[in-house]
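The structure appears right after this line, and notes come after that.
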Amino acid sequence: MVCNMRASDLDCGLLSDVFSFTMIQEYAAVQLGLRLGHYTHTIGSAHVNECNVERVKRVLNEAELRRTRPQFPFPVMPQATGPDTIRRVLEHEELLRTNTARYSADEIRRLGFEVYWQQVLLLFEVYRQIQHDEADTVSRDVLDALLPNLRWLVGRKWASCAAAAEVSAR
């Protein structure tokens, strides 16, 4: 898949675009029964908004200090994924985004989704807790249910919530 963008905000837009377009690519490959191919993303003009300059500097400094990054395999979208799966995931996403529902890790497991989609719902629940509960921590069971790569990313994005969960687990 080739994606040509006119312009992109490097610290927000690019991340969202690459995630969204590769998810669409993976879903299309599953639906068509094809092997997942390569993804190429080109941008005509890249920029960082002034309000995000300090955050970008912190990220670049961290990248400079952390020459070796953890390598995590990323799960593959299940072959059984279809429009009904996406519809059901989106229904739960809306419930969590609007704080109409809250789920434990066990409740997410019992919803009948494959592990790949359970991970997506766990991330939605992490976000719900941070946004709606204004939590100092994310519940330990939800963090523990995340795959190591996603737990690592949550810890990088919301370090205080992940660290507080570590302390509360002791």
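The values are calculated or read from the model by the stated rules, or taken from the named source; none is laboratory data. All values reported here derive from a predicted model rather than from experimental measurement. Cβ: placed from backbone, ideal geometry, glycine included. Neighbour counts: every protein chain shown.
Is region 79-93 home to any residue that is in contact with a Ser or Thr (Cβ under 8 Å, 6 or more places away or on another chain) and outside the structural domain of R35 (by TED's automatic domain parsing)?
No, that holds for no residue.
I'd like to know if region 18-30 contains one or more residues that are assigned to a helix (DSSP H, G or I), out of contact with any His (no Cβ under 7 Å at 6 or more places or on another chain), without any contact (Cβ under 8 Å) to a residue 40 or more places away in the chain and more than 19 Å from V89 (Cβ to Cβ).
no
Based on what the data block shows, is D84 surrounded by fewer than 10 Cβ atoms within 10 Å (Cβ to Cβ), at pLDDT 85 or above and either assigned to a helix (DSSP H, G or I) or among the aromatic types (F, W, Y) (or both)?
yes
Considering each residue of region 96-115, count those that are assigned to a helix (DSSP H, G or I) and surrounded by fewer than 16 Cβ atoms within 10 Å (Cβ to Cβ), and give that number.
5
Which one of these is surrounded by 15 or more Cβ atoms within 10 Å (Cβ to Cβ) and either outside the structural domain of N149 (by TED's automatic domain parsing) or in contact with a strand residue (DSSP E or B) (Cβ under 9 Å, 6 or more places away or on another chain) (or both): M23, M5?
On inspection, the qualifying residue turns out to be M5.
For T68, all conditions in the list (1) β-branched (V, I, T); (2) surrounded by fewer than 10 Cβ atoms within 10 Å (Cβ to Cβ); (3) modelled with pLDDT of 90 or more hold save one; what is the number of the exception?
Looking at each condition in turn, T68 falls short on (3).
Quick grid of which residues meet (1) under 24 Å from D9 (Cβ atoms); (2) of a type in the set (G, A, S); (3) touching a residue at least 12 places away in the same chain (Cβ under 8 Å); (4) out of contact with any His (no Cβ under 8 Å at 6 or more places or on another chain):
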| residue | (1), (2), (3), (4) |
| --- | --- |
| C51 | yes, no, no, yes |
| K57 | yes, no, no, yes |
| L65 | no, no, no, yes |
| Q71 | no, no, no, yes |
| E93 | yes, no, yes, yes |
| S104 | no, yes, yes, yes |
| R109 | no, no, yes, yes |
| E114 | no, no, yes, yes |
| L123 | yes, no, yes, yes |
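Among the residues of region 120-129, is any out of contact with any Cys (no Cβ under 7 Å at 6 or more places or on another chain), in a loop (DSSP other than H, G, I, E, B) and farther than 22 Å from S160 by Cβ?
For region 120-129, residues out of contact with any Cys (no Cβ under 7 Å at 6 or more places or on another chain), in a loop (DSSP other than H, G, I, E, B) and farther than 22 Å from S160 by Cβ: absent.
How about region 144-163: which of its residues are within 16 Å of P75 (Cβ to Cβ) and aliphatic (A, V, I, L, M)?
Result: A145, L146, L147, L150, L153, V154.
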